[in-house]
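S.K.: Sharing a structure with you now.
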Amino acid sequence: YAHFAMEKRLDSLEVMDPVTEVYNRKFGGQKIQDEWSRARRIQQPLSLVKMALDDFFELEQTLGETTRDQLLKNLAQLIQKTSRTNDFVFRSGLNELTMILPHCNRQGAMIRAERLRRVVESSQMLENGLKVSVSLGISEYPTLCADAKSLDETAAKALIHILEKGGNRLCLSKAPSNHKPEFEVPDEAVTSPRS
């Protein structure tokens with residue numbers, strides 16, 4: 001049994017981020033590709049939401065790395081607690097968490113992102129009562145991009161754009177002018193997230 005438990009622990013170390021205890025970037029990148037392939041096959045929308053703490057480096061300098069890590073872990077737990085069962089969360093950067101939202105169009109992703117932004121803003125993220133804000137970048141296949149790589153890249157660009165504008169908001173990616181979606185996504189196909 002001890003040998004089996006050790007193997008299981010080693011397997012989880014390969015796919016989990018030790019700080020946030022959600023999946024790591026490598027595993028998350030593969031999951032985006034897998035979910036995109038499935039979305040394309042069944043012709044259902046797939047949204048990606050990238051989130052970052054506002055004023056991250058100031059928080060790190062003021063609080064220290066240990067407290068910063070606890071803050072990221074608490075944020076990851078909050079995201080998981082408010083997610084649907086088929087949503088997928090992973091750490092995609094030093095100050096970045098990504099949510100993969102299957103069967104969710106851009107309107108549904110925006111509702112989910114805004115709800116999460118408000119929950120974070122009103123929550124005490126540390127025991128000392130610290131409150132923080134987050135910025136979120138959103139993209140959706142097939143309406144705004146053509147493949148898994150561009151889904152990830154456009155969500156990242158939207159996040160960077162809103163961080164540069166001061167943060168504590170969300171930004172929806174814009175489709176390139178020559179983009180033609182592979183299939184139509186009806187506006188009323190909003191998947192309502194669990195509150």
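S.K.: How much length is gained if the chain between residue 127 and residue 77 is pulled fully straight, taking 0.36 nm per residue apart and subtracting their Cα-Cα distance, in nm to one decimal?
M.R.: Result: 16.5 nm gained on full extension.
S.K.: Ordering 62, 85 from largest to smallest accessible area (1.4 angstrom probe), what's the sequence?
M.R.: Highest to lowest solvent-accessible surface, that is 85, 62.
S.K.: Run the 1.4 Å probe and let me know the accessible area of residue 89, rounded to the nearest 10 Å².
M.R.: 10 Å²
S.K.: Once ligands and nucleic acids are excluded and a 1.4 Å probe is used, how much of residue 83 is accessible, expressed in Å² to the nearest 10?
M.R.: 10 Å²
S.K.: I would also like to ask the following. Calculate the spin-label point distance for residue 65 paired with residue 115, positioning each point 7 Å from the Cα along the beta-carbon direction, and give it in nanometres.
M.R.: 3.7 nm
S.K.: Mind listing the phi-derived Karplus ³J(HN,Hα) values for region 162-178, rounded to whole Hz, using 6.51, -1.76 and 1.60 with θ = phi - 60°, and x for any glycine or proline?
M.R.: With the stated coefficients, region 162-178 comes to 6, 5, 5, 8, x, x, 6, 8, 10, 9, 8, 4, 10, 6, x, 4, 9 Hz.
S.K.: So, one more: Among the lysines, select those whose C-alpha is under 28 Å from the C-alpha of residue 50, and discard any that sit fewer than 8 residues away in the same chain.
M.R.: 26, 31, 73, 81, 131, 149, 157, 165, 174, 180
S.K.: Once phi is turned into θ = phi - 60°, what whole-Hz ³J(HN,Hα) does the Karplus curve with 6.51, -1.76 and 1.60 give for every residue of region 50-57, x standing for Gly and Pro?
M.R.: 9, 10, 9, 5, 6, 6, 4, 6
S.K.: Given the -39500 (n - 2.57) contribution per DSSP H run of 4+ residues, what per-residue ellipticity at 222 nm results for the chain, rounded to the nearest 500 deg cm²/dmol?
M.R.: Rounded to the nearest 500, the figure is -15500 deg cm²/dmol.
S.K.: I would also like to ask the following. Could you derive backbone 3J(HN,Hα) for region 35-45 from the dihedral phi with the Karplus parameters 6.51, -1.76 and 1.60 (θ = phi - 60°), listing whole Hz in sequence and x where the residue is Gly or Pro?
M.R.: After applying 6.51 cos²θ - 1.76 cosθ + 1.60, I find 5, 5, 4, 5, 4, 5, 5, 9, 6, 10, x Hz.
S.K.: In what order, largest first, do 15, 49 sit by accessible area if the probe radius is 1.4 Å?
M.R.: The residues order as 15, 49, largest area first.
S.K.: Under the rule that an exposed site lies in a DSSP loop and has at most 15 other Cβ atoms within 10 Å, name the longest stretch of the chain with no chymotrypsin sites (Phe, Trp or Tyr not before Pro) of that kind, not counting the sites themselves.
M.R.: The reported range is 2-182.
The values are calculated or read from the model by the stated rules, or taken from the named source; none is laboratory data. Fair warning: this is a prediction, and the values are worked out from it, not measured in the lab. Glycine gets a Cβ as well: all are built from the backbone with ideal geometry, and neighbour counts include every protein chain shown. These area figures cover heavy atoms from the full protein model, side chains too; ligands, DNA and RNA do not enter into them. Shrake-Rupley method; radii C 1.70, N 1.55, O 1.52, S 1.80 Å.
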